[in-house]
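Asks: Sharing a structure, written as structure tokens. Questions coming.
The values are calculated or read from the model by the stated rules, or taken from the named source; none is laboratory data. Keep in mind the model is a prediction, meaning the values are calculated, not measured. Heavy atoms of the whole protein, side chains included, go into the accessibility calculation; ligands, DNA and RNA do not. Shrake-Rupley method; radii C 1.70, N 1.55, O 1.52, S 1.80 Å.
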Amino acid sequence: MSGKNQYVVRNGNGWGVRGEGNSRLTARCETQAEAIGMGREIARNQAAELRIQGSNGQFRESWSYGNDPFPPKG
């Protein structure tokens, strides 16, 4: 069973990691690189996906640490 997807998001002047559907941040970080590291660790532990928000607010990339079959069906 996979856990909640994790999102690296802008948080004021810093960055944070938020679980999907959560209103509060799981972690607060000063830099985006720190937030990515924490988010990656959480996503790996939960076999979930990590999505990274850029400075402009658009999601720029995502990594999957869950059951991601290759090649995909369909």
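Asks: Hey, in the GNM for the chain with a 10 angstrom Cα cutoff, which one of Asn56, Asn11, Asn45 fluctuates hardest?
Replies: Fluctuation is largest for Asn56.
Asks: Of all the accessible heavy-atom surface of the chain, with the other protein chains kept in place and a 1.4 Å probe, what percent is carbon and sulfur?
Replies: With neighbouring chains kept in place, the figure for the chain is 44 percent.
Asks: Using only Cα atoms, figure out Rg for the chain and give it as a multiple of 2.2 N^0.38 Å.
Replies: Here the answer is 1.10, to two decimals.
Asks: Then there's this: With every protein chain present, what accessible area does Arg51 have (1.4 Å probe, heavy atoms only), rounded to the nearest 10 Å²?
Replies: Its heavy atoms expose roughly 80 Å² to the probe.
Asks: Let me ask another. For the range 5-74, what relative contact order do you get, as a whole percent, if you take Cα pairs closer than 8 Å and at least 6 residues apart?
Replies: With pairs under 8 Å counted, the relative contact order is 28 percent.
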